[in-house]
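Q: Below you will find the structure I want to go over with you.
Nothing in this text is a laboratory measurement; each read-out follows from the coordinates by a stated rule. Only a predicted model underlies this, so the values are computations on that prediction, with no experimental measurement involved. Ideal geometry is used to build each Cβ from the backbone, glycine not excepted, and the neighbour counts take in all protein chains shown.
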Amino acid sequence: MKIGLVRRGYSATGGAEKYLLRFADAVEAAGHSVILFCDKRWPESVWKNRQTITFDSVGKSPRCFADALEKANPKSHCDLVFSLERIWNCDVFRAGDGVHAAWLERRAPFENTCKTWFRGFQKKHRELIELEKSLFSPEGNTSVICNSTMVKTEIETQFGMNGERITVIPNGFDAPERMADERAVMRQEMRDSWAVGPDKKAILFVGSGWERKGLQFAIDAVEALPDSANVRLIVAGKDKRKPRVKNTNRIHFAGPVSNLEPVYEAADSFVLPTLYDPFSNAGLEAAAYGLSVVTSDGNGLAEHIPPLSGKVVSIGNDTVDQLRTAFESLAECDRAEENRHIIREHFSTALNQKRTLSFFESRS
């Protein structure tokens, strides 16, 4: 079987690109082949000598790329088209970014009414919703892979798509295997760089897009803890908009981090009170390194707490209070080393690839 993979551009740090590259390797290991459809040729060092069809000068809008792909008739080049981009139609679409229409609904209560109204006239948002309507049409034939039941439900609710066309396959991640003493050295060196002593609990936030990921909620909750609390919030990442910080002694901005392994090892728990995240890779990684995960019901990963150790808060008027209570309870706990074993057993990249390939082979 020859599988056509659809992804517009390339970013060395992009999660979708890493997923696609791992999946291409798995496809070939299973005896199949791949072809990539994109608007910018990927570096030969990562895509190697695999077949590629590029659409040059198609414009920056989502619809321009979708139109170019449709015109190229991708099914004439492969047996099955698997898209990681919103396009007009394909055999299988991976909704890794969730549902754009649902994201707009979730963010509306937290922004100015005029801004929400104006967004309805912006070309990018209109095009993304138009493409979603085509992919998720009840009369269509596209099968959909979601990484959470949350996204599956959104597709069914927003577009009336038959749930039998939707398969849920969670994301996968493999933490490096390290000896305990090696991890201990890594942890101590990083905590020293943060000036976090052994008596303090380090709560970790990872990512950019701070407004969507709810960083302000986390900051307000940490600042609301009593004076006796030995807690520090570590923020790994950057954004254009700076959040409000009143107590600089409790918040440490570590900036962009190229290697997150020592950061995860140095923290005691992880927080992501996101407005919307189909299935947070950062949360999955944090659990794989033995951290309890405090996240919101707007994160697909929350479906797995429990069995993963952590807390789930709802997004609303009392989110800060819920987070503060969660932080107080976790301040009395050690790291959740059991999470390492759960991720290794149930959320490995090998299992993700196996499930996806099995799904494809059932369609051929």
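Q: Sum -39500 (n - 2.57) across every DSSP H segment of at least 4 residues in the chain, then divide by the residue count to get the 222 nm mean residue ellipticity, nearest 500.
A: On the way: 15 runs with 147 residues, N = 364.
Counting only the DSSP helices, I get -12000 deg cm²/dmol.
Q: Tell me the Rg and the Dmax, in Å, that the Cα atoms of the stretch 1-81 produce.
A: 12.4, 36
Q: Another question about this same structure. Find the relative contact order for the chain and round it to a whole percent, using C-alpha pairs within less than 8 Å whose residues are 6+ positions apart. Could you put the intermediate results ahead of the total?
A: On the way: 634 pairs, mean separation 49.3, N = 364.
After rounding, I find 14 percent.
Q: While we're on this one: Longer than 23 Å from Cα to Cα, which of Lys213/Lys246; Lys200/Lys240; Lys40/Lys71; Lys123/Lys242; Lys133/Lys311; Lys40/Lys152 are they? Say none if no pair is.
A: Pairs exceeding 23 Å: Lys200/Lys240; Lys123/Lys242; Lys133/Lys311; Lys40/Lys152.
Q: Mind jotting down the distance between the C-alpha centroids of the stretch 120-159 and the stretch 284-338, whole Å?
A: Their Cα centres are 28 Å away from one another.
Q: Determine the relative contact order of the stretch 184-256: mean sequence separation of Cα pairs under 8 Å and six or more apart, normalised by residue count, in whole percent. Intermediate results must be reported in sequence, preceding the final value.
A: Numbers: 86 pairs, mean separation 23.8, N = 73.
Taking the mean separation of contacting Cα pairs over the length of the stretch 184-256, I get 33 percent.
Q: Right, next: So how compact is the stretch 212-319: Cα radius of gyration and Dmax in angstrom?
A: Radius of gyration, then largest Cα-Cα span, for the stretch 212-319: 13.4, 36 Å.
Q: Just the number, please: Stokes-Einstein D of the chain in µm²/s, Kirkwood Rh from C-alpha pairs, 37 °C, 0.692 mPa s. Walk me through the numbers on the way to the answer.
A: Numbers: Rh = 21.8 Å.
Estimated via Stokes-Einstein, D reaches 151 µm²/s.
Q: In debye, nearest 20: dipole of the chain around its Cα centre with unit charges on the Cβ of K, R (+) and D, E (-)? Intermediate values should be presented prior to the final figure.
A: Working: 49 positive and 49 negative charges, 252 e Å.
Magnitude of the dipole: close to 1220 debye.
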